[in-house]
Structure formats: structure tokens, C-alpha cells
Amino acid sequence: MSDRATTFDDIVASRHSLRAFLPRSVDADTLATIFSVAQCAPSNCNTQPWVVHVASGDKLQALRADMPERFMAGEFSMDFPYDGVYTGVYKERQYGAAQSLYDSVSITRQDKEGRNKQFMRNFTFFDAPHVAFLFLPEPFGLREAADLGMYAQTLMLTLTAHGLGSCPQTALSFQADFVREQLGIEASNKLVFGLSFGYPDPDAPANACVTDRAGLNDAVAFHS
């Protein structure tokens, strides 16, 4: 195996959702490099159907100050329905991922307050110094959402390659109108999810949480 392949394999294997970050901001040149590389992501007919807004500094602090209270007050505005139902092995994986996280931060199944507190950290971006909001412009739909997903994966791998970490968060799409209002974004751009990112906190127990993956034979069939 070439050194190039080994390096890429290591980057893919080491990327996982991080939920604790150092207060250190990423400099503007590094941000520009990372997001330029992410633009190389594939898309159908090269349409590149993603619109990305990155909040840092005062803009991020304003979001962080208000989003938890708005969520607790039941102020939701979602551009896409959150109505997926997991059954069978998919439900098992969902439970397994949650259990891995709670185990890493020593929250028991019976500790509902602890679990709620951990969930609410979504809306303070896990103390990350940056958050990217990923939008899909109207009138795009499922196929273009797949393109946005490929962009997001390219972005997360690039962040990992630069020594950074990230956490994709569907929860941040629960307040789409508020995010658009705070960042001056047109209503025609529909929020799919957010991505908190920055330098990982190496000592945070939550960052030790690594979920498992299905075996190759469970996901892929080779035909010849």
C-alpha cells in the first residue's frame, strides 16, 4: 500500500464526532484552505448545491446565548421534517451510539437529567469556536441533499487532516429561522444541519467515544 493510501486510510479511520473543544480559534488562512479543499467534493452535473455559513466570534456567541433558551421554550422552525423511524438493526445502532456516548461521560440510563444536559450541549456547540451551517437552496431535494452530504464528508475529512475535529448536528436545524435571522441568510436557503468544529480537547471524556461500524459483509455485496 502506498504512503498516500495509508495516510488517507488513517484520516478516515480517525475521524469521529467530537463533543468537546479547546477555546483556541482556527486562523482565517487555515479556514480558507480547509473550505477551499471541501469545494472539491463531487456533485451531480457539478451543480455544487450547497450554501455554507460559518459563524465565529461574536456571531457565534450570540447564537450560543439564545439557542438553548429558545429550544427549551419550544421555539422550533425546521425546514425539513424530523420524522425518521428506525427499526431492527438500525434501531440497535442508534441505541448503541447513544449508549457509547453516555458511557464515556458516566451518565447512566436512569439519569434523565444528565442525558438532557448532555443533549442541550448541542445548542452551545460543545464549546467549539466555530460552527458551519449547511444549507440547501430551493427548490433542490433528495438528490441534491446527497451532494450536500458528500460535501460535508469531504469537509470533515479535511478538518481531520488539519488536526481539527468536528461534530455534525441535526439538532442545530431545529431553529432554522433563528439562524437565518442572526446571520442574514435568505429564506430560500434551507438548513439541513450544522457542524461544530475546532481543536479537540484531548482530555475530555466525551471525545473518547468512538462508535463501531457494521462489518463489510453486512453493508456491501460484491457481484461478478
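The values are calculated or read from the model by the stated rules, or taken from the named source; none is laboratory data. Computed from a prediction, not measured in an experiment: that's the story for all the values here. When we count neighbours, we look across all protein chains shown, and the Cβ atoms used for this are built from the backbone with ideal geometry, even at glycine. Accessible surface areas use protein heavy atoms only, side chains included; no ligands, DNA or RNA. Shrake-Rupley method; radii C 1.70, N 1.55, O 1.52, S 1.80 Å.
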For this session: Return the only residue of L216, L159, L155, L164 being closer than 13 Å to L134 by Cα and hydrophobic (A, V, I, L, M, F, W, C).
Result: L155
Exercise. For the stretch 166-208, how many residues meet the condition of being of a type outside the set (G, A, S), over 15 Å from the mean Cα position of the chain (by Cα) and under 30 Å from V12 (Cβ atoms)?
Worked result: 7
Exercise. Only one of D147, D103 is of a type in the set (D, E) and open to solvent by less than 40 Å² (accessible area, probe 1.4 Å); which?
Worked result: D147
For this session: Kindly list, by first and then second residue, each pair from a residue in the stretch 39-59 that is in contact (Cβ under 8 Å) with a residue 40 or more places away in the chain to a residue that is among the acidic types (D, E) and open to solvent by less than 40 Å² (accessible area, probe 1.4 Å), limited to pairs with Cβ atoms under 9 Å and residues at least 6 apart or on different chains.
Result: A41/D147; P42/D147; S43/D147; N44/D147; T47/D147; Q48/D147; P49/D147; W50/D147
For this session: State which residue is least open to solvent (accessible area, probe 1.4 Å) when the search covers only the stretch 55-100 and only residues that are among the hydroxyl-bearing types (S, T, Y) and over 28 Å from T211 (Cα atoms).
Result: S77
Exercise. Under 8 Å by Cβ, and 6 or more places apart or on different chains, what pairs join a residue from the stretch 203-221 that is under 15 Å from G96 (Cβ atoms) and touching a residue at least 24 places away in the same chain (Cβ under 8 Å) with one that is open to solvent by less than 70 Å² (accessible area, probe 1.4 Å) and among the basic types (K, R)?
Worked result: C209/R19
